[in-house]
Amino acid sequence: AQKVTQTQTSISVVEKTTVTMDCVYETRDSSYFLFWYKQTASGEIVFLIRQDSYKKENATVGHYSLNFQKPKSSIGLIITATQIEDSAVYFCAMRPDTNAYKVIFGKGTHLHVLP
Amino acid sequence: EAAVTQSPRNKVAVTGGKVTLSCNQTNNHNNMYWYRQDTGHGLRLIHYSYGAGSTEKGDIPDGYKASRPSQENFSLILELATPSQTSVYFCASGGTENTGQLYFGEGSKLTVL
């Protein structure tokens, strides 16, 4: 079965600190893509960052980075120097290779950044 | 910039009625998707399409039909709406290079009474 699991329902952090959100995935494919998306309070869902399974280097975009641990089927999202506007729901997603048209999402983690 | 627009943004329907949610994309993407979002369930895939004329079942297709008459348009159809289909529905598109990156619409809130 192909599945994405986010066990953290909600996380609260103080502004300017670093937070890590966890995600584990299941797939038998040797090649796949992993993503994190952000849903703001307005409901808008935007793409943040992507990790290609064949790449060993962790992806980084701005103050977002990934902790890709392939043997553990884990793709954590790290946000450094958090800001109030980082408060949102974060979704982890996977696109397996056996079905290139299907993108599977986790249930999301609600991040609260406190002043 | 990617552009995916949904209509209507809000809809109140009666049980047993027909509901059509429409989605238009100007990205020239081959792939389009319909997801629903419910508290505790995240985003669940209802139907998807890899080109005009194609529709495929996602993980929760029961009670829904889809139509892709053109590259730009993808509709979700509830022939006999039920209260359990009250939800927020998101349309998304993705490119043929298809790393899987999706561009989402604004969402359509459907309430079935």
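The values are calculated or read from the model by the stated rules, or taken from the named source; none is laboratory data. If you're wondering where the values come from, they're calculated on a predicted model, not measured in any experiment. Every residue, glycine among them, receives a Cβ derived from its backbone with ideal geometry; neighbour counts consider all protein chains shown.
A few remarks follow.
- Subset of segment B:57-98 [over 19 Å from residue B:19 (Cα atoms) and surrounded by fewer than 19 Cβ atoms within 10 Å (Cβ to Cβ)]: B:59, B:70, B:71, B:72, B:95, B:96, B:97, B:98
- Taking segment B:38-74 as the range and being within 29 Å of residue A:109 (Cα to Cα) and away from every other protein chain (no Cβ under 14 Å) as the test, the residues that pass are B:62, B:63, B:64.
- Residues of segment A:73-115 that are assigned to a loop (DSSP other than H, G, I, E, B), surrounded by fewer than 23 Cβ atoms within 10 Å (Cβ to Cβ) and within 14 Å of another protein chain (Cβ to nearest Cβ): A:97, A:98, A:99, A:100, A:101, A:102, A:107.
- One residue stands out among those in segment B:56-76 that are small (Gly, Ala, Ser) and assigned to a loop (DSSP other than H, G, I, E, B): the one that is modelled with the lowest pLDDT, which is B:58.
- Inclusion of residue A:41 among residues that are within 25 Å of residue B:90 (Cβ to Cβ), more than 12 Å from chain B (Cβ to nearest Cβ) and not in a strand (DSSP E or B) is warranted.
- Pairs are defined by a Cβ separation below 7 Å, a sequence spacing of at least 6 or placement on different chains, a first member in segment A:91-102 that is in contact (Cβ under 8 Å) with a residue 60 or more places away in the chain, and a second member that is assigned to a strand (DSSP E or B) and among the small types (Gly, Ala, Ser); the pairs so defined are A:91/B:42.
- Whichever residue in segment A:90-112 is at pLDDT below 85 and among the hydroxyl-bearing types (Ser, Thr, Tyr) and, among such residues, is farthest from the chain's Cα centre (by Cα): A:98
- The residue list A:32, A:54 contains one member that is surrounded by fewer than 20 Cβ atoms within 10 Å (Cβ to Cβ), over 23 Å from residue B:89 (Cα atoms), modelled with pLDDT under 95 and within 14 Å of chain B (Cβ to nearest Cβ), which is A:54.
- Scan segment B:5-33 for residues that are within 16 Å of residue B:84 (Cβ to Cβ) and without any contact (Cβ under 8 Å) to a residue 60 or more places away in the chain and the total you get is 0.
- Screening segment B:32-55 for residues that are assigned to a strand (DSSP E or B) and over 12 Å from the mean Cα position of the chain (by Cα) and picking the one that is modelled with the lowest pLDDT gives B:42.
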